[in-house]
Structures are given as structure tokens and as C-alpha cells.
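Just below is one structure, and these are the notes that go with it.
The values are calculated or read from the model by the stated rules, or taken from the named source; none is laboratory data. These figures come from a predicted structure and were not determined experimentally. Reconstructed Cβ throughout: ideal geometry from the backbone, glycine too, with neighbour counts over all protein chains shown. These area figures cover heavy atoms from the full protein model, side chains too; ligands, DNA and RNA do not enter into them. Shrake-Rupley method; radii C 1.70, N 1.55, O 1.52, S 1.80 Å.
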Amino acid sequence: QVQLVESGGGLVQAGGSLRLSCAASGRTFSSYAMGWFRQAPGKEREFVASISWNSGSTYYADSVKGRFTISRDNAKNTVYLQMDSLRPEDTAVYYCAASRFTGWASKPYDYDFWGQGTQVTVSS
């Protein structure tokens, strides 16, 4: 069992930056691939970024490639999402998730554990 708690969301102007953190409980954190998803009002949850268990590979949605960076610190049981050049369309609730797979994964059904989400609002 893995419990995930996100933090770092908030209100930022377009062009600004935020860094989300996701703290995980459990001693097996380092064996899970981790991902970030987001869900805007009235829309389906969409994939943002994923990182393999050892940070050896990462994968991004086209909409955030070059602006967002996913990283992890297995010693701290934490995964991060650095978000730069934010746009109003990035406004959503952001969720982190843990996957039983060790490589990156982009589908919600590949993930077994989810956090409660943190709100990110980008004003124009």
C-alpha cells in the first residue's frame, strides 16, 4: 500500500512557475513508476508526465513538453513536477499516482495508487 499526498499548488500568473511535490508513504516507493495527471472542470483526467523507478526514463504529454519537468528523490520518497511558462490552459487539479510498473506509464489504468490532488490555477 502506498499513500500519496500532493502539495505546492496555488494561483500563479501566466508565464510563472510552480513546483508540485508528492510525498509517499511506504518502503516500496522506489519500486514504483510515478506519474502526474490533471483534470480540468468538465474534462477527463489527462496524463501529464511519468518517471521510471530509477529516474532512468521520463515521458511527457505533448502539451507540457519543454515546460514541465518530472523528477524524484527515492531517499525522500518524493516525486516533483516543476512547471514553468504556465498557461491558463494548465489550470486543473493535479494528481500524482504510483504505478506497479517500473518503467514510465501514461494510462490511468496503469496506476494503482492516487493522491487527493492539488489545485493549480493560472490567471491570464
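For the stretch 47-124, what is the charge dipole size about the Cα centre, in debye to the nearest 20, if Lys and Arg each add +1 at the Cβ and Asp and Glu each add -1 at the Cβ?
In debye, rounded to 20, the stretch 47-124 gives about 120.
Plugging the Kirkwood radius over Cα pairs into Stokes-Einstein for the stretch 33-102, at a temperature of 37 °C and a viscosity of 0.692 mPa s, what D comes out in µm²/s?
For the chosen part, D equals 263 µm²/s.
At most 11 other Cβ atoms within 10 Å and a DSSP loop assignment: could you name the trypsin sites (Lys or Arg not before Pro) in the stretch 46-124 that fit?
K65
List the relative contact order of the chain as a percent without decimals, with contacts defined as Cα pairs under 8 Å and 6+ residues apart.
In percent, rounded to a whole number, it is 36.
Just want the answer: with Cβ charges of +1 for Lys and Arg and -1 for Asp and Glu, which residue in N54, G15, S99 is farthest toward the dipole's positive end in the chain?
Toward the positive end, the furthest listed residue is N54.
Keeping all protein chains in the complex and leaving out DNA, RNA and ligands, what accessible area do you get for T78 with a 1.4 Å probe, in Å² to the nearest 10?
20
Carbon-plus-sulfur fraction of the accessible area of the stretch 84-124, 1.4 Å probe, in percent?
Its accessible area is 51 percent carbon and sulfur atoms.
So what is the accessible area of the chain per residue, in Å², with the probe set to 1.4 Å?
50
Residue by residue through the stretch 77-94, which ³J(HN,Hα) values in whole Hz follow from phi under the Karplus form 6.51 cos²θ - 1.76 cosθ + 1.60 (θ = phi - 60°), with glycine and proline marked x?
Each residue of the stretch 77-94 in turn: 6, 9, 10, 10, 9, 8, 10, 10, 6, 5, 10, x, 6, 7, 4, 4, 8, 9 Hz.
When the gyration tensor of the chain is built from Cα positions, what are the square roots of 5 times its three eigenvalues, in whole Å, from largest to smallest?
Semi-axes, largest first: 23, 14, 14 Å.
Trypsin sites (Lys or Arg not before Pro) within the stretch 1-48: which are DSSP loop residues with at most 15 other Cβ atoms inside 10 Å?
R27, K43
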